[in-house]
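The values are calculated or read from the model by the stated rules, or taken from the named source; none is laboratory data. The structure presented is a predicted model; accordingly, all values stated were derived computationally and were not measured. Note that each Cβ is placed from the backbone with ideal geometry, even for glycine, and that neighbours are counted across all protein chains shown.
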Amino acid sequence: MPAAERMSRVDTAWLRMDNDVNLMMIVSVWLLTPTVALHAVRERVRDKLLQYGRFRQKVVHDAAGACWVDDEDFDLAAHIVPHELDRAPGETERQALQRLCGRLATVPLDHARPLWQFHLIEHYEGGSALVGRMHHCIADGIALMSVMMSFTDGGSDPPRRKPRTDGGGDVDDLAAAILEPLTEITVKAIGLTGQGVAHSIDMLADPSRPLSGTRELARVGLQVASDVAALALMGDDSRTALKGRPCGHKVVAWNEPLPLDEVKAVGKALGCSVNDVLLACAAGAIGHWLAARGEAVAGKEIRAMVPVNLRPLDQAWKLGNRFGLAPLVLPIGIANPIERVFAVHRRMHELKGSYQPLLAFGVLAAAGLFVKPVQDAILGLFARKTTAVMTNVPGPARPLSFCGSTLRQTISWVPASGDIGVGVSILSYGGGVQFGLITDRALCPEPQAIIEQFQPEFERVLMLALMLPWGDPAPRG
C-alpha cells in the first residue's frame, strides 16, 4: 500500500460536497492558436503538471475522512483524452463547445483515479480548445492559477514540499482555532492587528506573539460576535427565477473580454475598485435579464457568496483550499449604473472589516469532521441563503503560450454547492476581463442572454463616468 497523506478537513468538506445537482468541479477552457497536438499536451503534462504530486494521487476514503494516495496504476492517457466537437445542425463551433462544457460539468470524475481530466478538441476555430476539469478538493482558484502559470511555456517548476501524513498543518490548526469559542488563540487567528486575513493565518505559526491590549481584544471580540450572529441569522435569499430547485443539467456561456484598462479607469474615476465595477455590472446584467422575463426587480437584492483568499499568494503552489466565503448583497434593482457601483462599493467596504470569511472557513472545517449527511445539513444553510456564487481571480497581465501556441482566451466556471444554481466567474487575463456564467437549465436555460448584458452594462457605467464632473469626490465607504 503506497504511503498515504491525510487530506485536510476543509478539502475533505469540498470532496464530499458533490450531490445529484451540483458537482464540485472547476471547469475551464483554454482557446489556443494555432492547433496543439495531443502528444504535445501529454508531454507537457508529464513534464510540468505531474511535478505537483497531487496530480498523481487518488483519493481513498477511511473512517477518519480521506487520504491522498499515489496511484500505482496511473495512466496519463486516461487523463488527457481527445474529443471531437459534435455540432448540431445550425450550431456554431462556440455553441457546440459551450454545450460540451455544460455536459462535462455534470459528468463525475472517476474516483478510482486522480480527480482531474483534460479534453482536447484539436480543431476549433482555426486552433484548438482544451477543456479542463478538476475537483475542488485539489485546489481553489488562486492555487490553480499558480498551476496554470507553471504549465505554460517557460513556466517554473513548483517548489518541493514534504508530504504531510498527520492531516495537521497550518490549515487544520487554523480550523481548530476558529472552532474554539473566542479564546485567546481564536482572537490571534482572526487577526488582532487588522492587517488582513492572510497575515492573520500566519500568526498561528507564532503562538507566543503577544496580544496588543485588552481594548483591542474587546473590539475584536465584539466584531466576531457580531459576525457570528450575522452568519447565523441571515435570512433566506429573495425568490427570483434564479432561485429554486436545480435539475442538474448545466449550461455555460462566456463573453468577449472587456478591456481591463477601461475598467480600471472607470474605477479610478469613481473612487471604487475594479471589483466594485465588475460586480455592479454583474448585478445589472442579472437584473436586466430578470426584468426582461417580466419580474419586478426595482429595489430587489440577491445574495452571492464571494470567495476571499486566505493565503499569501506566494504559497499558492501548495494547492488545497484556503479561502473563506463572504455574503455579498447585490443590488439588482438599482437602475442607475453609477448608483449601483457605489452601493456595491459600500457593501464591499463593510465586508472588509468583517471576520465572516474566516468564520465561514471554520464552518467548512467543522463540516469536514462530520459524516456527509451532517455536512450537507450544515452547508445547506448557506445554499438556502444564497442565489449565486461569484469569484474573481486575477490572472497574468500578458498573454501566455502553451506548447508553442498562443493562449488567446481562458474561461472558467465556478462550481456551486447545495441547491445553488448560478455561478459567475470573473477572470482577468492578457489585458482583458472575462466573464463566465454557469447555470442550471431548470433556472436559466440560456445564460448567454445574461452574459450578453455585461458589456452594455459596463458601457453605461463608462459613459456616465465620463459625464461626471472632474475631481468629483470618491464615495464614502
Restricting to the range 294-306, what's the tally of residues that are under 27 Å from the mean Cα position of the chain (by Cα) and either among the basic types (Lys, Arg) or at positive phi (or both)? 2
Tell me which of these Asp18 doesn't satisfy, since it passes every other one: (1) under 27 Å from the mean Cα position of the chain (by Cα); (2) in a loop (DSSP other than H, G, I, E, B); (3) closer than 19 Å to Ile411 by Cβ. (3)
In the range 424-450, anything of a type in the set (Asp, Glu) and surrounded by fewer than 23 Cβ atoms within 10 Å (Cβ to Cβ) is listed as Glu446
Pick out the one residue from Gly126, Gly132 that is under 22 Å from Pro34 (Cβ atoms), in the same structural domain as Arg54 (by TED's automatic domain parsing) and under 19 Å from the mean Cα position of the chain (by Cα). Gly132
It is to be established whether one or more residues within the range 365-375 are at pLDDT 80 or above, over 23 Å from Trp413 (Cβ atoms) and more than 20 Å from the chain's Cα centre (by Cα). no
Considering only the range 42-62, I want to know if a residue exists there that is of a type in the set (Ser, Thr, Tyr), surrounded by 19 or more Cβ atoms within 10 Å (Cβ to Cβ), part of a helix (DSSP H, G or I) and in contact (Cβ under 8 Å) with a residue 24 or more places away in the chain. no
Going through (1) over 23 Å from the mean Cα position of the chain (by Cα); (2) exposed (fewer than 15 other Cβ atoms within 10 Å of the Cβ) one by one, Val69 fails only at (2)
For the range 21-41, which residues satisfy the criterion of being assigned to a loop (DSSP other than H, G, I, E, B) and among the small types (Gly, Ala, Ser)? Ala37
Any residue at all in the range 276-293 that is over 20 Å from the mean Cα position of the chain (by Cα), more than 17 Å from Gly431 (Cα to Cα) and surrounded by fewer than 16 Cβ atoms within 10 Å (Cβ to Cβ)? yes
So, of the residues in the range 237-268 that are in a loop (DSSP other than H, G, I, E, B) and among the acidic types (Asp, Glu), which turns out to be farthest from Val389 (Cα to Cα)? Glu256
Is one or more of the residues making up the range 310-329 over 18 Å from the mean Cα position of the chain (by Cα) and either at pLDDT 90 or above or outside any helix (DSSP H, G or I) (or both)? no
Determine the pairs where a residue that is over 29 Å from Gln98 (Cα atoms), located within the range 244-273, has a partner that is assigned to a loop (DSSP other than H, G, I, E, B) and of a type in the set (Gly, Ala, Ser) with Cβ atoms under 6 Å apart, the partner being 6 or more residues away or on another chain. Gly267/Ser273; Gly271/Ala474
